[in-house]
Amino acid sequence: MIGNDIVDLVLAKKESNWKRNRFLDKIFTIKEQVLIVDAENPEIMVWNLWSRKEAAYKIYNRETGIRGYFPLQLECSSENTTFGTVTIKDKTFFTQSRIENGCIYTIAVIEKENFKKIVRIDPAVEIFKKNGIPFIIDFDSNMEKPVSISHHGRFWEGVTLRD
């Protein structure tokens, strides 16, 4: 399984005031708030952690069928601004983020080895959905293949895992 999320930093800065009263309390655990406060660039850390939670949530939703808004149940641990984990209940997802060209892009996977299997999807590829969950048809096997799609502002990314 794979999940992804992208944040357009220009749009996020324009549309969301993360410094407003209680915003951090509603989205981030105490542990995550410490990461934000201690970060060299707190705003980047806010959106980095947010994108990690969103990418992991996509896997969690696909695995469990549970949909909802519960960001405090998803807790990020960070090795650095690139690698980390997100835990929810008894599940841990591995994340890899990159910050470049005005965006933060995160991919989450179930096993670290899956980072080597990531395949970007061409935006022209036809994407189907079942119960709101995206997939493509692998024409070699004529099977449905799970994908993760993310878009925000100027950015769009789609990924899947090769067999």
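The values are calculated or read from the model by the stated rules, or taken from the named source; none is laboratory data. Just so we're clear, the structure is a prediction, and the values are computed from it rather than from any experiment. Using ideal geometry, Cβ is built from the backbone for each residue, glycine included, and neighbour counts are taken over all protein chains shown. SASA here: full protein model, heavy atoms, side chains in, ligands and nucleic acids out. Shrake-Rupley method; radii C 1.70, N 1.55, O 1.52, S 1.80 Å.
General remarks:
- Cα long-axis angle, helix 42-64 against the chain (0 to 90 degrees, to the nearest 10): 40
- When you restrict to C-alpha pairs under 8 Å that are six or more residues apart and normalise by the size of the range 95-163, the relative contact order lands at 27 percent.
- The chain - percent relative contact order, Cα under 8 Å, separation 6 or more: 30
- Carbon/sulfur fraction of accessible area - the chain, other protein chains in place, 1.4 Å, %: 52
- Think of the range 88-144 as a dipole: +1 on every Lys or Arg Cβ, -1 on every Asp or Glu Cβ, centred on the Cα centre; then among ILE121, PHE93, ASN131, PHE93 lies furthest on the positive end.
- Annotation note: chymotrypsin sites (Phe, Trp or Tyr not before Pro) in the range 77-163 located in DSSP loop regions with a Cβ neighbour count of at most 12 within 10 Å are PHE139.
- Magnitude of the charge dipole for the range 14-106, about its Cα centre and with charges confined to Cβ atoms of Lys, Arg (+1) and Asp, Glu (-1), is about 400 debye.
- Residues of the chain: accessible area per residue with a 1.4 Å probe, Å²: 57
- Pairs from the table (LYS19/LYS116; LYS31/LYS58; LYS53/LYS116; LYS13/LYS130; LYS14/LYS58) lying more than 27 angstrom apart at Cα are LYS19/LYS116; LYS13/LYS130.
- Trypsin sites (Lys or Arg not before Pro) restricted to DSSP loop in the range 1-57 with at most 16 other C-beta within 10 Å: LYS19, ARG20, ARG22
- Estimated inter-spin distance, PHE115 and LYS91, nm [label 7 Å along Cα→Cβ]: 2.1
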